[in-house]
1. Evaluate the following for Leu224: is it within 16 Å of the ligand (Cβ to nearest atom), over 27 Å from Met340 (Cβ atoms) and either without any contact (Cβ under 8 Å) to a residue 60 or more places away in the chain or not charged (D, E, K, R) (or both)?
2. Every residue in region 139-166 that is within 16 Å of the ligand (Cβ to nearest atom), more than 10 Å from Ser292 (Cβ to Cβ) and outside any loop (DSSP other than H, G, I, E, B), please.
3. Looking at Lys166, Lys255 in this structure, which one is charged (D, E, K, R) and within 22 Å of Gly99 (Cβ to Cβ)?
4. Checking Gln79 against (1) on the phi < 0 side of the Ramachandran plot; (2) polar (S, T, N, Q); (3) open to solvent by 30 Å² or more (accessible area, probe 1.4 Å): exactly one of these is not met. Which one?
5. Mind telling me which of the residues Leu216, Leu205 ends up being surrounded by fewer than 17 Cβ atoms within 10 Å (Cβ to Cβ), within 18 Å of Gly74 (Cβ to Cβ) and touching a helix residue (DSSP H, G or I) at 6+ places or on another chain (Cβ under 8 Å)?
6. For region 75-98, name all the residues that are away from the ligand (no atom under 14 Å from the Cβ), touching a strand residue (DSSP E or B) at 6+ places or on another chain (Cβ under 9 Å) and outside any helix (DSSP H, G or I).
7. Condition first: under 15 Å from Val169 (Cα atoms), within 13 Å of the ligand (Cβ to nearest atom), open to solvent by less than 40 Å² (accessible area, probe 1.4 Å) and touching a Phe, Trp or Tyr at 6+ places or on another chain (Cβ under 8 Å). Now tell me which residues in region 99-138 satisfy that.
8. Anything in region 1-46 that is open to solvent by 80 Å² or more (accessible area, probe 1.4 Å), over 30 Å from Ala271 (Cα atoms) and in a helix (DSSP H, G or I)? List them, or say none.
Amino acid sequence: MKRVFNFSAGPAVLPEDVLKEAAAEMLDYEGTGMSVMEMSHRSKPFEKILNDAIQDLRDLMNIPDNYKVIFVQGGASQQFAAVPMNLMKNKKADYILTGQFSTKAYQEAQLFGDIKVLASSKESKFSYIPDCSDLDVRDDADYVYICENNTIYGTKFHELPNTKGKPLVSDQSSCFLSEPIDVTKYGVIYAGVQKNVGPAGLVVLIIREDLIRDDLEFVTPTMLKWKTQVDNNSLYNTPNSYSIYICGKVFKWLKANGGLEAMKKRNQEKAAILYDYLDTTDFYICAAEKGSRSMMNVTFKTKDPELDAKFVEEAKKNNIANIKGHRSIGGMRASIYNAMPKAGVEALVAFMKKFEEENK
Ligand SMILES: *Cc1c(COP(=O)(O)O)cnc(C)c1O
């Protein structure tokens, strides 16, 4: 068996302990004589898997009682429409554009109402997070929207925007559970789990109770109403049960490994190994501005796209997989999520140094 250091942005690396446990339980989950994949989502064992997952997530993030947790399908992209459909009362919302995913969310929201761009870093190819301390938030805006960690560009909000009292909606797909956060600062948090948590096909939503509404402004499909899944404990229809099971295992793994404080410390250490090196060389260019750098996705390139291609090819021969940058910006991207061991980042930096020596 061979395992590589997998720097994929998503679907991405998972904790080896979790994969081994799942493998051991594949044919017979806790004496049931079947795999979790083969089990009714209304059975006792699955009910426990689901409820434990929700409780463990609540414990990990210290989620207050007035926030609900639901699991839905359709990917993070489905929420680009679900957010306006569930939150619009005045049919006005204010968006901050820091990359491709917030831009897509903005375009989708335009199908439903009057959307204002409060700030954008598009003019600099999304290389930084704008100052959001005093934005012109509209008095009648229903919410303010951000993408908190920009997976493609390697930038992150290190301070949340001042929303002037409006609910903050945050797409946390690529930074979910990477560090402790104060849930009370948000109206809605959502994340596609295939980045930092589990297998693709599942989205976690954490929604403040007063934002779960029945008097929606649109003819909202039953499946897109958050209230439907809240009222049915995410079992209105068949959920992605296997992904919930693996996410539950990852939550337990996070708890057993010191929780989110410990994750933050580990993630800071890993990111520093890369950024410290990038700051000492001009062979590689790091486009993300210093004050906006992400701890989860580190983007860099050489001065020549052909050399970047060679880097990706040779990295592969050195057990460094999926290091190619997003097709829209090129270069390289190291996604160093919770499950990426420090040894993986060290191996990458050692390879980067060698490649620099041989190609400068
Ligand atoms: C990957 C990603 C998405 C899109 O997720 P899908 O599940 O493929 O729809 C949205 N937002 C962010 C921040 C992402 O990283």
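The values are calculated or read from the model by the stated rules, or taken from the named source; none is laboratory data. As the structure is a prediction and not an experimental result, all values here were calculated from the model. Positions of Cβ are backbone-derived with ideal geometry, glycine not excepted, and every protein chain shown enters the neighbour counts. Protein only, heavy atoms only, side chains kept; ligands, DNA and RNA dropped before computing areas. Shrake-Rupley method; radii C 1.70, N 1.55, O 1.52, S 1.80 Å.
1. On the way: within 16 Å of the ligand (Cβ to nearest atom): yes; over 27 Å from Met340 (Cβ atoms): yes; either without any contact (Cβ under 8 Å) to a residue 60 or more places away in the chain or not charged (D, E, K, R) (or both): yes.
Taking the combined requirement at face value, the residue satisfies it.
2. Listed by number, the residues that qualify are Tyr145, Ile146, Cys147, Asn149.
3. Lys166
4. Checking Gln79 against (1) on the phi < 0 side of the Ramachandran plot; (2) polar (S, T, N, Q); (3) open to solvent by 30 Å² or more (accessible area, probe 1.4 Å), the one that fails is (3).
5. Leu216
6. Selection gives Asn90, Lys91, Lys92, Ala93, Asp94.
7. Ser102, Ala105
8. Residues satisfying the conditions are Ala24, Met37, Glu38, Lys44.
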